[in-house]
Amino acid sequence: MLSNTAHHTSGEGIMHLHSLKHCGPHPRNLAKSPVVAAMVGAAMLLSGCGGSASAGASSRTFTTIDENQSINVNAPINPYNQVANMFTGYNKEQLAWSKYSISDPTAYAPNIATSWNLSADGHTVTVHINPKAAWSNGAAVTSDDVKASLALSIANGTSAMTAKTAGATTISVTQNTDAQASTFLSNVLTTIVVPSSFWNAKIPKNFWNEVSLETSATATEAQKKQASADIAAFGKKMTSLGPKKDISCGPFSLTRVNPSEAILAKNPNFFDSSRIAPTQVVLKSYNSNQQIWTYLKSGQLDVAPYTATSASMLKSILAVHGNSTVEGVSFVSAALAFNQNVKPFDNVWVRRGVAYAINRATATKIGESTSGTASDTTTGMVSKVNDLYLKGAHLNDYAYSPSKAAECFSKAGLKKVDGIWRTTDGKPLTVNIQVANGFSDWVAAGKSITSDLTAVGVSSQLNTSADYATYLSDLAQGKFPVAFWLAALGPDAYNAYQRVYGTSNGWTASGSGAVHSAAGKNGNWMASPEHEQYDGSSIDPGELAATLQTTTGATKSDTVRKLAGLTNDQLPIFQIWDYKNLQFVNTSRFSNFPKNDSWLLHNQPGVWMQYGYITKK
Amino acid sequence: MRMMANLRYLATSLLRAFLTIWVVCTFTFFLIKLMPGDPLETAYENLLMQGKTPQQARALTASIYGFMPNGSLLQQYGDYLIQLVHGNFGTSITAEGIPVSRELGSAVSWTVGLVLAGVLTSAALGVVLGVIAAIRRDTRLGSGLTILGSVLHGIPQYVMALILVTFLTVKFPLFSTGPVDGTLEPGFNAPYVASLLSHAVLPASAFALSSFGGYLLTMKSSVVSVMGDDFILAAEVRGLSRRRIFTYIAHNAVLPLFTVLTLSLGFMFGGSVFIENAFNYPGMGQLLISSVGQRDYPVMNGAFLLITVAVIVANLLADLLYTAIDPRVRRGGERI
């Protein structure tokens, strides 16, 4: 779980509306209307009868929100529906939980799967199922359930696999493609376990034959195409299906959903139910950061995920009895991305000059003072990952320096006339920065950045796209010369460098390499050159970044160092701050929350409970 | 003769209504498709934020693609019209496979009750206080009510909502946000109904408080205008009771508000974005905002169509009922 889902979703299907403005109380008198007074009086009486989830419910009710899953009364209980009434860690269980380790992408904590063995060639994994794992209806979780789960996963786009059960609690899974071992293992272990008692009847009888046919060396192209189409058709059909009543192998099962809350009751058949302290979980819906702040300020939430929060709002939240924070590593960085198809941003000295002109510390303080740390430098990865790969590397930190900015602009051939930097054709150097409406930290930081640039003689203003969808669409069309961009999405270096040398920069994964598209084609808006000179040789950064999917050990480290060095030198992006995974906990009703930097903070509180955290006070 | 004229008028009105609905429907269909933004790209970025690899995110968004309408724009429009004729609004893109009609039905059920309560309360409040303000216009009470109406009319809905949320759910938590206490067993039972009502108080109050000022000022102006009419003077000269005179005034003064009220009832299907957002109320406003943000075209089309039909029907009803309420309005060339 990255820290920024609350920042950006809509996810929940839901778009967060960000606001740094703290709408504090305005002292006004409400209209003295007898009708309103009567309504208020009646409501006060009624509210005593009605109660609320947090006030009137059992003291062992755990209240939180799930930033990755919206609540929709019409949604099926189906893990592959975008708005499904299944919540990770509560009634949606994986075979294992990722530890989000920087150094070991194969680090998983056991869950429904107690152990697993990966073959030497990385093509087969044998999974051992916890013999105590059981569904909420009392039936045991078996290898048949895991096989059905893999079928659904494949139908929804996971790479083809072959699954063979070997007894009730063992299943062997072999990949049909040639993916890297860690990717294959991730695909298997993050499979969401569903009950075969419901799903086997829905999976077509010839499904596994089709899966084999799709990647078969002997099948004709027509057969493969038909098989793919059939699998996709099943994938589409099944997303709207789901059992009428929740059958959960997690610590909770869904009992009721209404538009504002999903109520889950403790599953007594969960294999480790003795560790689970709450008897009920209430997942509240929300539509904006404002809503989450309201919940926090009224002390309703026992845990809240990362939520963009201003310093003053944080103070108000922490003033509430029991509220505190826990902090973990976030693998997300806020950066400026340059469109090198727009002059003069194709000139590296201009990009370097812009970098030196920006005071990252100030921009971070203004934009993300509560959950951001100014980036040490630009490498394409967050500082924590830099520490792992780049010890001893000589990198330019681009520390704020207007004089160095001036030097760089001069080297770019620009001339300063009457205090304004001008390009060779006499036009003022203009660096307009694009942000998306609703991203209040970007907006605030953007204003600071434009001020910095103006101060050194660069014409700069902040432009705002109507919403995130419009922003992404216009960005992909190359409409913005400079724009905010979320980078360094890790923890794996492969994911991080796909943000810099992936589709947005012209490289599309193909087999174990990458194919480059020209600027403006196939989503290439960053438009870096296909080959760059670095350290005395010409490298194709996209090809190099693609190899990170299959390389390990020293080869991988070497590749990362090259890419980090190239990114630092050529600045296709310029990192401003690394986000912090700042979450809120309330210790009024429960105690024993994970400590700072725990791997559990990347997972939902339901997972915390499974590892013995969140105990009754 | 009069009946024929009325029937002719009704038929013409219905035809005009259908034509208007079709035009708006077509316009919004194409306008929505012209909106920049792509639901796949937004979903893809969201999945990356959740820790999925680019390949996993692409694979998962492919499932959304299965629900995207395909074919040329004209083909999609043709398919859309054919489906509409069969009463099918399509399926949501982002809530894959869920019929749009079900999504709209859920949202409308929350919106109608809330906004209806708000509209009726604000109208009742506005009418009563407007009359008082008119009759006592030369007193402090009248002036005070006029100022109150002006001030409240100037307060935007979202400000009113935020004031109520801040004071009554945070500072002094007498109420909760959301539509109902989810821990209660849904159904027609006292605790559930009480919870529904108590949760509706604040949003309905926000609605009423931010809109009754307009009704008050309009009613006051209308009453003052009617009070100056000759027939009122004649009634006073004839020595009719104050009660009877007041009835004449009220009957005539309320006519302008009738049209406004009827149209408000039509617009209520659009919900109130700000109020629903502030109180986390799952109505049409919220659904519209989220569908626009996620570019869920079928839901947007369905929502706009529903609002259009509601407003047009309300307008039609207002026209038809007006003839019943106001005997001065005639069709077919009759004159008083």
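Exceedance of the 22 Å cut-off in Cα-Cα distance is limited, within the set A:Lys297/A:Lys447; A:Lys99/A:Lys164; A:Lys224/A:Lys556; A:Lys224/B:Lys33; A:Lys205/A:Lys236, to A:Lys297/A:Lys447; A:Lys99/A:Lys164; A:Lys224/A:Lys556; A:Lys224/B:Lys33. Placing +1 on the Cβ of every Lys and Arg and -1 on the Cβ of every Asp and Glu, with nothing else charged, gives chain B a dipole about its Cα centre of roughly 1220 debye. Segment B:279-316 and segment B:221-237 have Cα centres separated by 43 Å. In this structure the amide hydrogen of B:Ile98, modeled in the peptide plane, comes within under 5 Å of the amide hydrogens of B:Ser92, none closer than 5 places in sequence on its chain.
Fully extending the segment from B:Ser221 to B:Leu240, taken as 0.36 nm per residue of separation minus the present Cα-Cα distance, adds 4.5 nm.
Among the aspartates and glutamates, which have Cα under 14 Å from the Cα of A:Lys427 when same-chain residues fewer than 8 positions away are ignored? By straight Cα distance, A:Lys427 reaches A:Asp418.
Between A:Ser465 and A:Val435, A:Ala436, A:Asn437, the built amide H atoms are under 5 Å apart, and every one of these is 5 or more places off in sequence or on another chain. FRET efficiency for the A:Ser228 to A:Ala476 pair, using the beta carbon distance and R₀ = 30 Å, is estimated at 0.70. Averaged over residues, the count of other Cβ atoms within 10 Å places the peptides A:169-175, A:440-446 in the sequence A:440-446, A:169-175, highest first.
According to the Cα-based calculation, Rg over Rh for chain B is 1.06, with Rh computed by the Kirkwood formula. Placing unit charges on each Cβ (+1 for Lys and Arg, -1 for Asp and Glu) gives chain B a dipole about its Cα centre, and among B:Tyr9, B:Leu265, B:Leu287 the Cα reaching farthest toward its positive end belongs to B:Tyr9. Think of each Lys and Arg Cβ as +1 and each Asp and Glu Cβ as -1; about the Cα centre, that makes the dipole of the protein assembly as shown roughly 2620 debye. Counting every pair of alpha carbons in segment A:330-579, the share spaced more than 24 Å apart comes to 43 percent.
Over chain A, Cα pairs under 8 Å with separation of 6+ residues give a relative contact order of 18 percent. By the helix-only formula, in which each DSSP H run with n ≥ 4 contributes -39500 (n - 2.57) and the sum is divided by residues, chain B has a 222 nm mean residue ellipticity of -25000 deg cm²/dmol. Ranking B:Ser92, B:Ser205, B:Phe246 by Cα position along the charge dipole of chain B, where only Lys, Arg, Asp and Glu carry charges on their C-beta atoms, puts B:Phe246 farthest toward the positive end.
Taking beta carbons within 10 Å but only from partner chains, what does the mean come to for residues B:195-202?
Other-chain Cβ atoms within 10 Å of each residue's Cβ, averaged: 6.
Dividing the radius of gyration of the alpha carbons in the protein assembly as shown by their Kirkwood radius gives 1.01 for Rg/Rh.
Across peptide A:80-87, the average count of Cβ atoms from other chains found within 10 Å of a residue's Cβ is 4.
The share of Cα pairs per 10 Å bin across segment A:517-617, counted from zero up to the longest distance, runs 12, 27, 21, 19, 16, 5, 0 percent.
Among the DSSP beta bridges whose two residues both lie in chain A, what percent are antiparallel, rounded to the nearest 5?
Values: 68 of 81 bridges.
The antiparallel fraction comes to roughly 85 percent.
With a Förster radius of 56 Å applied to the C-beta separation of A:Asn432 and A:Lys164, the computed FRET efficiency comes to 0.45.
Peptides A:187-199, A:487-499 ranked from most to least packed give A:487-499, A:187-199, packing being the mean of other C-beta atoms within 10 angstrom over each peptide's residues.
Solvent-accessible surface of protein heavy atoms, probed at 1.4 angstrom with all chains present, puts B:Trp22, A:Trp507 in the order B:Trp22, A:Trp507, largest first. Distance between the C-alpha centres of segment A:594-617 and segment A:207-266: 29 Å, rounded to the whole angstrom. Normalised by residue number, the volume inside the convex hull of the Cα atoms of segment A:93-238 is 114 Å³ per residue.
Local charge sum around A:Phe439 (other residues, Cβ-Cβ under 11 Å, Lys/Arg +1, Asp/Glu -1)?
Numbers: positive: none; negative: A:Glu368, A:Asp441, A:Asp467.
Result for the neighbourhood of A:Phe439: -3.
Taken residue by residue and averaged, Cβ atoms of other chains lying within 10 Å of the Cβ of A:257-265 number 6.
Mind ranking B:294-302, B:306-314 by how tightly packed they are, going by the mean number of other C-beta atoms within 10 angstrom, highest first? Before the final figure, lay out each step's value.
Values: B:294-302: 24.7, B:306-314: 19.6.
The densest-packed peptide leads the list: B:294-302, B:306-314.
The values are calculated or read from the model by the stated rules, or taken from the named source; none is laboratory data. What you are looking at is a predicted structure, and each value in this text was computed from that prediction instead of being measured. So basically every Cβ, Gly included, is an ideal-geometry build from the backbone, and we count neighbours across all protein chains shown. Areas reflect the complete protein model, heavy atoms only, side chains present, ligands, DNA and RNA absent. Shrake-Rupley method; radii C 1.70, N 1.55, O 1.52, S 1.80 Å.
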